[in-house]
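Student: Structure provided below as structure tokens; questions to follow.
The values are calculated or read from the model by the stated rules, or taken from the named source; none is laboratory data. Since the structure is predicted, the reported quantities are computational estimates derived from the model, not experimental observations. Every residue, glycine as well, gets a Cβ built from its backbone with ideal geometry; the counts of neighbours run over all protein chains shown.
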Amino acid sequence: MEIKFGTDGWRGIIAKDFTFSNLKAVAQATADYFKTVCGKNKKVIIGYDLRFFSEKYGAIAADVLASNGFDVTLASTAVTTPTVSYGVVNKKAFFGIMITSSHNPYEYSGFKIKTGNGASASKTETNGVESFLFKNPVKEGLKEYKTADLTAAYLAFIQTFVNMKKLNRSTFKVVIEPMYGSSQGLLLEILKHSKLKLFPLHHFRDAMFGGVKPEPLDFLLSDAKAAVKKEKAAIGLVTDGDGDRFAIIDDKGIFYSTQHVMPLLMEHLLKNKNQRGGVVITTATTSAAEVIAKRNGLRRFYTPIGFKNIADLMIKEDILIGSEESGGIGVKGYLPERDGILLGLMLLEMIAETGKKPSELLLDLEKKYGKFCYNRLDIKYPAEQRDKIFANIAAFTPEKMFGVPVKSITREDGTKYTMNNLSWLVLRPSGTEPILRIYAEAKTPALVEKYLEFGKQLALKK
């Protein structure tokens, strides 16, 4: 089979694509490529999540890398992807590997590569790994590797980004939903000395994630929404399978995607933490980010979807915040990495700082900058329909949509139709699954749903 690295790593169905032999081949190719660029620094950090057989996969990768002469440290327990990213930086490793397929369904596993600064591997690097696939025999069983705890240092590190004294004095209620993922227990450990009342959900291993994929989407979070209402909590914090993506449930039990969380965090960083810097906006990022950045005189950067594009700018420029729509947010001073645990702490800090609940904070934001409603629709398609779907989209060049003039049409990252009133519609193929993603933002939920349905009908037109 062909092994390809997508937006963030190689992913495949367990025992079909993601097999022991394929994993060994990828680990060997990774070793072969990094031998050509690493010089004397042979340190590698390897972690794994709570998916089926992840600890075994991690051990296989560690064995192959060690057998190729690398100085390998394997996490002693399941960890989040940001924990590996920090482990690479903290231990001054040349690169890291994380065994995870993030938010994908339970059938999948995956192989992410992290660079020495904690960011996701670039296209150049993953292309380099691909160029060595199946070229050399796999080396294994030739050298021992170390195991170590990576979590304690990571938890100490992220606590430096928030006012823990204020958090520990706070007394509001918090629901914590890791979606059975490897971030379970982390917020409980950080906040164990606080007066916050914590209500953990799904803090045990279930390799099938309760029968749903571990992605923080509205329709997958009924348990979290019910818990927030039942406990009268101020907020529910949600992380995905490997702990890098994030969403919240507000005090009324309403789901907030990144499109609401990013503007709230922008205001918190600007107003409460007195920070400034550039703002990174991707193809499907809320227009609220654009409005807030412009109003506050912040420099704006535009990138395709994919957090690695945001991370690249975080390395090169003075960035306050960068966000992709699917739950990934990076903030100033941190690694060039998204981190759901860090974002959760920052949202708790925002509540503690202002004394307001998320619904109140969002209302304040909308009064100041305007209302923006957003939703997303995913459509699975058979391979034979792909060409027809994308031909339909390519042929559609309207002057107006729902009576509003179309300001621009861009096709650099999927197709985006932007209207004069800041509403927009994006149609874009997933980088990791055979799915067409349709995104829309407008001033009302009803208009958002009209855009999404229109996009669906356009794509599936016979």
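Student: Of all the residues that make up the range 4-41, how many are touching a Gly at 6+ places or on another chain (Cβ under 6 Å) and in a loop (DSSP other than H, G, I, E, B)?
Tutor: 1
Student: If you check residue 360 against the conditions, is it in contact with a Pro (Cβ under 7 Å, 6 or more places away or on another chain) and either surrounded by fewer than 21 Cβ atoms within 10 Å (Cβ to Cβ) or in a loop (DSSP other than H, G, I, E, B) (or both)?
Tutor: no
Student: In addition: For residue 373, only one of the following conditions fails: (1) surrounded by 17 or more Cβ atoms within 10 Å (Cβ to Cβ); (2) closer than 30 Å to residue 86 by Cα. What is its number?
Tutor: (2)
Student: I've got another one for you. Looking at (1) in a helix (DSSP H, G or I); (2) touching a Phe, Trp or Tyr at 6+ places or on another chain (Cβ under 9 Å); (3) not aliphatic (A, V, I, L, M), find the lone condition where residue 309 falls short.
Tutor: If we test residue 309 against (1) in a helix (DSSP H, G or I); (2) touching a Phe, Trp or Tyr at 6+ places or on another chain (Cβ under 9 Å); (3) not aliphatic (A, V, I, L, M), just (2) comes out false.
Student: Within the bounds of the range 224-237, is there any residue that is more than 29 Å from residue 170 (Cα to Cα), part of a loop (DSSP other than H, G, I, E, B), aliphatic (A, V, I, L, M) and not assigned by TED's automatic domain parsing to the domain that holds residue 445?
Tutor: Scanning the range 224-237 turns up no residue that is more than 29 Å from residue 170 (Cα to Cα), part of a loop (DSSP other than H, G, I, E, B), aliphatic (A, V, I, L, M) and not assigned by TED's automatic domain parsing to the domain that holds residue 445.
Student: Given the conditions (1) over 17 Å from the mean Cα position of the chain (by Cα); (2) more than 28 Å from residue 366 (Cβ to Cβ); (3) at pLDDT 95 or above, and given that residue 211 satisfies all but one, which numbered condition is not satisfied?
Tutor: (3)
Student: Whether any residue in the range 417-435 is in contact with a helix residue (DSSP H, G or I) (Cβ under 9 Å, 6 or more places away or on another chain), at pLDDT below 90 and farther than 22 Å from residue 302 by Cβ is what I want to check.
Tutor: Yes, because at least one residue in the range 417-435 is in contact with a helix residue (DSSP H, G or I) (Cβ under 9 Å, 6 or more places away or on another chain), at pLDDT below 90 and farther than 22 Å from residue 302 by Cβ.
Student: Modelled with pLDDT under 95, in contact with a Ser or Thr (Cβ under 8 Å, 6 or more places away or on another chain) and hydroxyl-bearing (Ser, Thr, Tyr): which single residue out of 7, 83 fits that description?
Tutor: Only one candidate qualifies: 7.
Student: Give the range 1-22 a look and list any residue that's surrounded by 18 or more Cβ atoms within 10 Å (Cβ to Cβ), over 20 Å from residue 103 (Cβ atoms) and among the hydrophobic types (A, V, I, L, M, F, W, C), or say none.
Tutor: Passing the criteria: only 3.
Student: While we're here: Might you let me know whether the range 395-414 holds any residue that is surrounded by fewer than 14 Cβ atoms within 10 Å (Cβ to Cβ) and under 23 Å from residue 8 (Cα atoms)?
Tutor: yes
Student: Any residue in the range 173-190 that is among the aliphatic types (A, V, I, L, M) and surrounded by fewer than 14 Cβ atoms within 10 Å (Cβ to Cβ)?
Tutor: Yes, the conditions are met somewhere in the range 173-190.
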